[in-house]
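Notes follow the structure.
Here, each number is a calculation from the coordinates, and none is a lab measurement. No experiment lies behind these values; they were computed from the predicted model shown. All Cβ positions, even for glycine, are placed from backbone atoms using ideal geometry, and neighbour counts span all protein chains on display.
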Amino acid sequence: FPQFRRGRQGLPLRKGETILDHARRAGVEIYSECGGKGECGRCVVRVERGTEALSPPTDAERKFGLGEDLRLACQAVVVGEGDIYVYISEFGKYSILTETRRREVPLEPLVRREGDRVLYDGRPIDSYRGGIYGLAVDVGTTTLVLEIVDLETGETVGTAARKNPQVSYGNDVISRIEYTMVDKYGLRYLGPEERMERVKELQRAVVGAVNEEVRKIEGKISHLYTRWWQWGTAP
């Protein structure tokens with residue numbers, strides 16, 4: 001069947017959807033500052049095969065003077081049959097600012113040790129296995145930062161940072177809210193079910209990225225026994 005190619009894996013094509021739509025479904029991050037309106041010109045991709053299965057360049061694309069095999073992912077719509085191979089530039093890596101001011105705070109985690117037991121808010125949840133660790137996640141507009149913290153000492157034992165994959169839906173919070181409320185042409189408000197599905201789509205993007213980074217951290221500190229019991233949020 002016709003596919004949108006991501007490396008060696010394929011994703012079934014859906015006529016009427018853009019390359020950006022397919023990339024989002026495939027979990028591929030494409031920078032889309034304007035949220036897919038064809039205004040920022042940041043979602044440029046190179047179509048290596050399957051140009052004939054895409055719609056002609058739009059006025060929005062022509063104003064950016066793109067090369068023959070370059071398209072805006074948000075404007076190139078699947079209209080025909082055949083596989084489409086697209087080259088997407090990497091976002092690049094993010095580094096964590098380590099030289100920061102730190103403030104001493106009391107170490108009072110809800111998960112703590114009492115003898116050979118591990119308690120959560122006073123309730124036993126497990127036996128003590130040599131350490132208790134917590135995961136702190138800072139979900140920013142453009143980046144995600146994660147830390148694994150020793151809940152007995154307060155020491156940070158693992159860190160990771162990456163771009164927030166929601167940038168594919170807009171560079172700012174307002175653009176992402178708009179994505180969950182109106183169609184991509186801004187002509188109609190979405191129904192309740194459509195809105196909820198788009199909200200879940202944004203949630204899945206972040207949760208998937210967090211899980212991926214946690215696995216990377218665990219690989220670096222494999223000597224730790226990690227078992228996550230509770231997700232928490234903080235303002």
- Loop only per DSSP, at most 15 neighbouring Cβ atoms within 10 Å: give me the GluC sites (Glu not before Pro) in the range 33-66, ordered by residue number. E39
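Please give me the summed charge of the neighbours of K37: other residues whose Cβ is under 10 Å from its Cβ, Lys and Arg +1, Asp and Glu -1. Write down the numbers at each step before the final one.
Details: positive: K184; negative: E33, E39, E178.
Residues near K37 contribute -2 overall.
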- Query: Say each of E108 and E52 gets a label point 7 Å from the Cα, pointing the same way as Cα to Cβ; how far apart are those two points in nm?
  - Reply: 7.0
- For the range 153-165, Karplus couplings with θ = phi - 60° (6.51, -1.76, 1.60), whole Hz, Gly/Pro x: 10, x, 6, 7, 10, x, 9, 7, 8, 7, 6, 5, x
- I177 versus E155: modelled label distance in nm, points set 7 Å from Cα along the beta carbon direction: 4.3
- Query: ³J(HN,Hα) across the range 193-199 via Karplus (A = 6.51, B = -1.76, C = 1.60, θ = phi - 60°), whole Hz, x for Gly/Pro?
  - Reply: 5, 5, 4, 5, 5, 6, 4
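Hey, got a sec? Which GluC sites (Glu not before Pro) in the range 106-198 land in a DSSP loop and have at most 11 other Cβ atoms within 10 Å? Display every interim value, and only then the final one.
On the way: sites: E114, E147, E152, E155, E178, E193, E194, E197; in loops: E152, E155.
When the GluC sites (Glu not before Pro) of the range 106-198 are filtered for loop state and at most 11 Cβ neighbours within 10 Å, E155 remain.
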- Task: Holding the Cα-Cα limit at 30 Å, pick out from K163/K200; K63/K216; K63/K200; K63/K184; K184/K216 the pairs that are longer than that.
- Result: K63/K216; K63/K200; K184/K216
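Quick check on the range 3-87: of the DSSP beta bridges with both residues there, what percent are antiparallel, nearest 5%? List each step's numbers first, then the result.
Working: 12 of 14 bridges.
That works out to approximately 85 percent antiparallel.
Give me the net charge for the shell around P57: Cβ to Cβ below 15 angstrom, other residues only, Lys and Arg +1, Asp and Glu -1.
Values: positive: R46, R62, K63, R71; negative: E52, D59, E61, E68, D69.
Net of charged neighbours comes to -1.
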- Message: Per residue of the range 109-123, what does 6.51 cos²θ - 1.76 cosθ + 1.60 with θ = phi - 60° give for ³J(HN,Hα)? Whole Hz please, x for Gly and Pro, Karplus curve as stated.
- Response: x, 5, 9, 8, 9, 9, x, 9, 10, 10, 10, 10, 6, x, 9
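Give a quick list of chymotrypsin sites (Phe, Trp or Tyr not before Pro) in the range 107-153 that DSSP marks as loop, anything other than H, G, I, E or B, with at most 15 other Cβ atoms within 10 Å.
On the way: sites: Y120, Y128, Y133; in loops: Y128.
Answer in residue order: Y128.
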- Item | Separation of the K216 and D59 label points, Cα + 7 Å toward Cβ, nm | 4.2
- Message: Can you give me the long-range amide H partners of V111? Hydrogens built in the peptide plane at 1.01 Å from N, cutoff under 5 Å, separation of 5 or more residues or another chain.
- Response: D121
- Given 208-216, 72-80, the highest-first ranking by average Cβ count within 10 Å works out to 72-80, 208-216
